[in-house]
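Take a look at the structure below.
The values are calculated or read from the model by the stated rules, or taken from the named source; none is laboratory data. On a predicted model such as this, the values are computed, not experimentally measured, just so you know. Because the Cβ atoms are built from the backbone with ideal geometry, glycine has one as well, and the counts that use them run over all protein chains shown. Surface areas here come from the heavy atoms of the whole protein model, side chains and all, with no ligands, DNA or RNA. Shrake-Rupley method; radii C 1.70, N 1.55, O 1.52, S 1.80 Å.
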Amino acid sequence: MTDLTVRRIRFDFEQPVPVVWHPTNPGFSHAVNLMSFIAIGFEKMIVAAVQEAKSSFTDPAVATEALAFVRQEAQHANAHRQHVGRLIKQYPGLQQTFDAIMASYDEMTRTKSLAYRLAYIANLEATFSPSFRFLLDNEDKLFRPGDDRVASLLLWHMVEEVEHRSSALTIYNAVVGKRIYRLRVVPSVVHHIMSTLLPLYIEGMNAHVPQPDRVIDARAMSIRWRMSAGKRDKHPRHLSVAGMLDGVSRQDKWVALRGLLRSQNPFFDPEAEEPPAFADQWFERYERGDDGAHWYSSQRSG
């Protein structure tokens, strides 16, 4: 069991926010934007599934864990909604993209069994330990150079995902408990994200955001599109998805890839994963009063 704290951080997205919020890394900017769009629908589904599962909790510790888990996730969804809302205000057509992604998760809540949804949640949450460790270990390259509001939102979200890294699996085990079933759901999770949600984002960005603002053809985010004959990124490497992890060591990339594969092993337990050093630094700074909504610009000394 984890010891969770619900932190309410208010982000300021009143002023316009660039689509390419990391000025020299449009590929990573779009990857983070996609996370914001998905997070709202995914976390809404989490709250609904845990609410539905409550009657199955026989261990009070699981019930306590689940309550703190959904409270953290609700805070994340609210913050990402501010980010996405600001983008929609600038490019109203993106409302269609947001609505379509939300509808996809709402349909999942309506049509899929509770066991399936809890497996989906546990599988996706399990990937966050290795993937967010990778991002946090390289935060100076991937987040610091960008818009402080978007960077701060993601840093906060990721360290709290690390904090509750075992919560989704704890709930799944308490309600469903079938390791092999969770493994069988993995291809469906990947297919939903890559073949349903990603295309919705790509189509919306290309249709509703002018090329000078999005910088790249959003189709470059699709591996299938990039591999198609004649579909080559026309932008210089530093202005494409191909270069979005330049500057990150090959060792870190391999460790992250191995971690992602290991995270889907039905015997994998995220609780055993060592948190990244940045998470400890973030929690320490938060406790001493630093502004989590302006993480880089508000750093205090001492």
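The set of residues in the stretch 133-146 that are open to solvent by less than 30 Å² (accessible area, probe 1.4 Å) and assigned to a loop (DSSP other than H, G, I, E, B) comprises Asn138, Phe143, Gly146. Within the stretch 246-267, being closer than 16 Å to Val162 by Cβ and open to solvent by less than 20 Å² (accessible area, probe 1.4 Å) holds for Ala256, Gly259, Ser263. For the stretch 87-103, state whether one or more residues are open to solvent by 70 Å² or more (accessible area, probe 1.4 Å), assigned to a loop (DSSP other than H, G, I, E, B) and over 22 Å from Pro199 (Cβ atoms). Checked the stretch 87-103: no residue is open to solvent by 70 Å² or more (accessible area, probe 1.4 Å), assigned to a loop (DSSP other than H, G, I, E, B) and over 22 Å from Pro199 (Cβ atoms).
Pull up the stretch 209-219, narrow it to residues that are among the charged types (D, E, K, R) and in a helix (DSSP H, G or I), then point me to the one that is least open to solvent (accessible area, probe 1.4 Å). The selected residue is Arg214. When restricted to residues that are polar (S, T, N, Q) and touching a Ser or Thr at 6+ places or on another chain (Cβ under 7 Å), the stretch 153-173 contains 2.
Against the criterion of being open to solvent by less than 30 Å² (accessible area, probe 1.4 Å) and touching a residue at least 60 places away in the same chain (Cβ under 8 Å), Glu125 qualifies. Can you name every residue in the stretch 39-67 that is open to solvent by 20 Å² or more (accessible area, probe 1.4 Å) and within 21 Å of Ile9 (Cα to Cα)? Lys44, Val47, Leu67 - these are the residues of the stretch 39-67 that are open to solvent by 20 Å² or more (accessible area, probe 1.4 Å) and within 21 Å of Ile9 (Cα to Cα). Taken over the stretch 113-158, the criterion of being farther than 30 Å from Gln299 by Cα and among the hydroxyl-bearing types (Ser, Thr, Tyr) is satisfied by Ser113, Tyr116, Tyr120. Could you check, for the stretch 112-132, whether at least one of its residues is in a loop (DSSP other than H, G, I, E, B) and at pLDDT below 95? Taking every residue of the stretch 112-132 in turn, none turns out to be in a loop (DSSP other than H, G, I, E, B) and at pLDDT below 95.
Among the residues of the stretch 63-98, the ones that are more than 23 Å from Trp156 (Cβ to Cβ) and under 18 Å from the mean Cα position of the chain (by Cα) come to 1 in all. Is there a residue in the stretch 6-27 that is open to solvent by less than 10 Å² (accessible area, probe 1.4 Å), in a helix (DSSP H, G or I), touching a residue at least 60 places away in the same chain (Cβ under 8 Å) and out of contact with any Pro (no Cβ under 6 Å at 6 or more places or on another chain)? Checked the stretch 6-27: at least one residue is open to solvent by less than 10 Å² (accessible area, probe 1.4 Å), in a helix (DSSP H, G or I), touching a residue at least 60 places away in the same chain (Cβ under 8 Å) and out of contact with any Pro (no Cβ under 6 Å at 6 or more places or on another chain). Residue under question is Tyr296, and the condition is that it be touching a Gly at 6+ places or on another chain (Cβ under 8 Å), modelled with pLDDT of 90 or more and surrounded by 15 or more Cβ atoms within 10 Å (Cβ to Cβ); does it hold? It is false that Tyr296 is touching a Gly at 6+ places or on another chain (Cβ under 8 Å), modelled with pLDDT of 90 or more and surrounded by 15 or more Cβ atoms within 10 Å (Cβ to Cβ). Inspect the stretch 222-245 for any residue being open to solvent by 60 Å² or more (accessible area, probe 1.4 Å) and modelled with pLDDT of 85 or more and give the result as yes or no. Within the stretch 222-245, not a single residue is open to solvent by 60 Å² or more (accessible area, probe 1.4 Å) and modelled with pLDDT of 85 or more.
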